1. As an exercise, identify the GluC sites (Glu not before Pro) in region 165-246 lying in DSSP coil whose Cβ has no more than 12 other Cβ atoms within 10 Å.
2. By how many degrees, 0 to 90 and rounded to 10, does the Cα axis of helix 3-15 deviate from the longest principal axis of the chain?
3. List the residues whose amide H sits under 5 Å from the amide H of Ile239, counting only those 5 or more places along or on another chain, with H placed 1.01 Å from N in the peptide plane.
4. Express in nm, to one decimal, how much length is gained between Asn20 and Ser171 on full extension, taking 0.36 nm for each residue of separation and deducting their alpha carbon distance.
5. Can you tell me the order of 120-133, 50-63 when each peptide is scored by its average per-residue count of other Cβ atoms within 10 angstrom, highest first?
6. Give the percent of DSSP beta bridges with both residues in the chain that are antiparallel, rounded to the nearest 5.
7. Express in nm, to one decimal, how much length is gained between His115 and Met84 on full extension, taking 0.36 nm for each residue of separation and deducting their alpha carbon distance.
8. Distance from the Cα centre of region 191-213 to that of region 1-51, in angstrom?
Amino acid sequence: MELMQIRYFLEAAKTKHMTNSAKNLHITQPALTQAIRRLEKDLGVPLFAAKGRNIVLTEYGRYLQRKLEPLIEQMDAIPEQLKMMVALESETIHMNVLAASGLVMEAIIEYKKEHEEINFQLQQNSESELYDIAVTTKLFYQGAGEENSFACAEEIYLAVPKNQRYQGRTSVRLAEAAEEGFISLLGSREFRYICDRFCQHAGFTPKIIFESDNPAAVKNMIAANMGIGFWPEFTWGSIENEQVRLLKIEEPVCQRDIIINYNRNKTDSRNVIDFYEFLTGFFSDRKYSC
């Protein structure tokens, strides 16, 4: 299969109309029809069938469409990825922040006070490898001690409303909360996975009643006695709301690892390493001051 044939086929599969497809491709309809027929001959299967004035995909055509679409999407993304690689050579530090985003932003703001010339570009993409510094989280991290990697353990508490059920409590077994409704943070897949594993070890599947992308919203809903939630010890900060309290989870052990690592993408990585050292120090200071 030639690349041109693939693009012609996918356009026809999308519009299901040869004339419209030819217009979109800026070619004549006979040229498009000939290209599709040649592709069908090369593959030895019919890809389209006539349906009135339109066309429909055969079973073989649907299969080929499913296989080719993600490949073309990846191929079309390459130029932008190459541009990003070029940008990595500038004074911009590219960060992939998949955990502790609030604390990372605090660190960036503090760092910028003394380094105004450094710019930051943030993304949240678990599939991307194009970054200078990444902040992620894992249940168990095995790479501690590597030159370009930092990890610190963070205890996870159970945030509960100040109601009669938890009155006077400072700790709790997670199994005691099996029938409670959980309010969780939306978008943080790894943190959600970690919390689900905690519940799994405690013998139940959490009943998620609401998800929010804002820790403050999670806190406010818990304060309103609408449910309970997991609360990272230092990356989310303390709870000042008088209607919410944090309980230590006695069993199982509930903690995660925050991992910060950097790539040597640049000819000169001094700015990246300097901020990496600042960021890891910032996390360490925050952790041990809590």
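1. Glu179, Glu240, Glu242
2. 80 degrees
3. none
4. That pair, Asn20 and Ser171, stretches by 47.7 nm at full extension.
5. Values: 120-133: 15.0, 50-63: 13.2.
Going from most to least packed, we get 120-133, 50-63.
6. If I count the DSSP bridges inside the chain, around 60 percent turn out antiparallel.
7. In short, 8.9 nm is gained.
8. 48 Å
Every number in this text was worked out from the coordinates using simple rules, so none of it is lab data. Note that this is a predicted model, so its numbers are computed, not measured. Every residue, glycine among them, receives a Cβ derived from its backbone with ideal geometry; neighbour counts consider all protein chains shown.
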